Amino acid sequence: MSDHRTHSNHDHVHGDGCGHTAVKHAGHVDYAHDGHLHHAHDGHVDECSVSVDAKNPARCTPSHSCAGHAQGHAHGPSCGHAAIPHGDHVDYLVTDHLHHPHGSHCDDHGPM
(Lines give C-alpha, C1' and ligand atoms only; values in the text may rest on other atoms or scores of the structure.)
Protein backbone atom coordinates (compact mmCIF):
# COMPACT_ATOMS: atom_id res chain seq x y z
CA MET A 1 0.00 0.00 0.00
CA SER A 2 1.31 3.45 -0.91
CA ASP A 3 1.09 6.57 1.25
CA HIS A 4 1.94 8.96 -1.59
CA ARG A 5 0.62 9.89 -5.04
CA THR A 6 2.26 8.19 -7.99
CA HIS A 7 2.32 8.97 -11.69
CA SER A 8 1.30 5.89 -13.68
CA ASN A 9 2.31 5.08 -17.26
CA HIS A 10 5.44 7.21 -17.14
CA ASP A 11 7.93 5.86 -19.68
CA HIS A 12 10.37 8.79 -19.62
CA VAL A 13 13.47 8.27 -17.45
CA HIS A 14 14.40 11.41 -15.48
CA GLY A 15 18.01 12.19 -14.65
CA ASP A 16 20.93 14.44 -15.56
CA GLY A 17 20.51 15.61 -19.14
CA CYS A 18 16.91 14.41 -19.54
CA GLY A 19 15.75 17.88 -20.58
CA HIS A 20 13.64 18.68 -17.52
CA THR A 21 14.51 21.16 -14.77
CA ALA A 22 15.96 19.49 -11.66
CA VAL A 23 14.50 20.78 -8.38
CA LYS A 24 16.07 19.82 -5.05
CA HIS A 25 13.67 19.81 -2.11
CA ALA A 26 12.79 17.64 0.89
CA GLY A 27 16.14 15.84 0.68
CA HIS A 28 15.81 14.58 -2.89
CA VAL A 29 15.78 15.76 -6.51
CA ASP A 30 12.60 15.97 -8.57
CA TYR A 31 12.17 16.91 -12.21
CA ALA A 32 9.66 19.52 -13.39
CA HIS A 33 7.69 17.86 -16.18
CA ASP A 34 4.49 19.26 -17.72
CA GLY A 35 3.44 21.10 -14.54
CA HIS A 36 4.32 18.19 -12.24
CA LEU A 37 7.30 17.37 -10.02
CA HIS A 38 8.41 13.79 -10.66
CA HIS A 39 10.60 11.71 -8.37
CA ALA A 40 11.55 8.24 -9.60
CA HIS A 41 12.26 5.59 -6.97
CA ASP A 42 11.49 1.95 -6.19
CA GLY A 43 10.20 1.24 -9.71
CA HIS A 44 7.63 4.03 -9.90
CA VAL A 45 7.37 7.83 -10.23
CA ASP A 46 6.03 9.94 -7.35
CA GLU A 47 4.01 13.12 -7.85
CA CYS A 48 5.59 15.69 -5.51
CA SER A 49 4.98 19.29 -4.53
CA VAL A 50 7.00 21.85 -2.62
CA SER A 51 5.57 22.27 0.88
CA VAL A 52 4.30 25.61 2.09
CA ASP A 53 6.56 26.40 5.03
CA ALA A 54 8.88 29.09 6.42
CA LYS A 55 11.35 28.63 3.53
CA ASN A 56 8.66 28.59 0.83
CA PRO A 57 5.70 30.56 2.19
CA ALA A 58 2.52 31.29 0.25
CA ARG A 59 2.30 34.99 1.02
CA CYS A 60 1.51 38.08 -0.98
CA THR A 61 4.61 40.17 -1.76
CA PRO A 62 3.41 42.98 -4.05
CA SER A 63 6.73 44.86 -3.79
CA HIS A 64 8.76 41.86 -5.07
CA SER A 65 11.02 42.94 -7.91
CA CYS A 66 12.82 40.33 -10.00
CA ALA A 67 15.38 40.69 -12.77
CA GLY A 68 14.50 37.18 -14.03
CA HIS A 69 11.91 38.44 -16.49
CA ALA A 70 10.57 41.66 -17.95
CA GLN A 71 7.98 43.61 -16.01
CA GLY A 72 4.59 42.66 -17.37
CA HIS A 73 5.67 39.07 -18.13
CA ALA A 74 2.70 36.71 -17.79
CA HIS A 75 3.41 33.30 -16.26
CA GLY A 76 1.51 30.36 -17.68
CA PRO A 77 1.88 27.00 -19.45
CA SER A 78 4.07 28.33 -22.27
CA CYS A 79 5.90 31.23 -20.55
CA GLY A 80 9.31 29.51 -20.58
CA HIS A 81 9.59 28.97 -16.81
CA ALA A 82 9.19 25.56 -15.18
CA ALA A 83 5.83 25.13 -13.42
CA ILE A 84 6.33 23.93 -9.83
CA PRO A 85 3.48 22.57 -7.67
CA HIS A 86 3.60 24.45 -4.33
CA GLY A 87 1.03 23.53 -1.72
CA ASP A 88 -2.39 23.87 -3.36
CA HIS A 89 -1.25 26.05 -6.30
CA VAL A 90 1.37 26.29 -9.07
CA ASP A 91 4.37 28.61 -9.01
CA TYR A 92 7.02 29.24 -11.66
CA LEU A 93 10.76 28.82 -11.16
CA VAL A 94 12.52 32.09 -12.01
CA THR A 95 16.23 32.65 -11.23
CA ASP A 96 16.21 30.04 -8.45
CA HIS A 97 13.08 31.20 -6.64
CA LEU A 98 9.36 30.56 -6.90
CA HIS A 99 7.08 33.16 -8.50
CA HIS A 100 3.35 33.07 -8.01
CA PRO A 101 1.25 35.15 -10.42
CA HIS A 102 -1.14 37.23 -8.34
CA GLY A 103 -3.17 40.01 -9.89
CA SER A 104 -0.83 42.55 -11.46
CA HIS A 105 2.33 41.29 -9.72
CA CYS A 106 4.33 38.16 -8.89
CA ASP A 107 4.63 36.99 -5.29
CA ASP A 108 8.00 35.65 -4.09
CA HIS A 109 7.35 32.19 -2.63
CA GLY A 110 10.95 31.54 -1.65
CA PRO A 111 14.19 30.02 -2.94
CA MET A 112 14.69 26.67 -4.59
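Total residues in region 81-112 satisfying the condition of being touching a His at 6+ places or on another chain (Cβ under 9 Å), modelled with pLDDT under 90 and loosely packed, with under 13 Cβ neighbours inside 10 Å: the figure is 1.
Evaluate region 61-77: report whether one residue or more is at pLDDT below 95 and within 20 Å of H38 (Cβ to Cβ). Yes, because at least one residue in region 61-77 is at pLDDT below 95 and within 20 Å of H38 (Cβ to Cβ).
Within region 35-62, restricting attention to residues that are free of Cβ contacts under 8 Å to residues at least 12 places away in the same chain and under 28 Å from G103 (Cα atoms), the residue that is most open to solvent (accessible area, probe 1.4 Å) is A54.
The values are calculated or read from the model by the stated rules, or taken from the named source; none is laboratory data. Quick caveat, the model's predicted, so the values are computed rather than measured. Please note: Cβ atoms are built from the backbone with ideal geometry, for glycine as well, and neighbour counts cover all protein chains shown. What goes into the accessible areas is simple: the full protein's heavy atoms, side chains included, and nothing from ligands, DNA or RNA. Shrake-Rupley method; radii C 1.70, N 1.55, O 1.52, S 1.80 Å.
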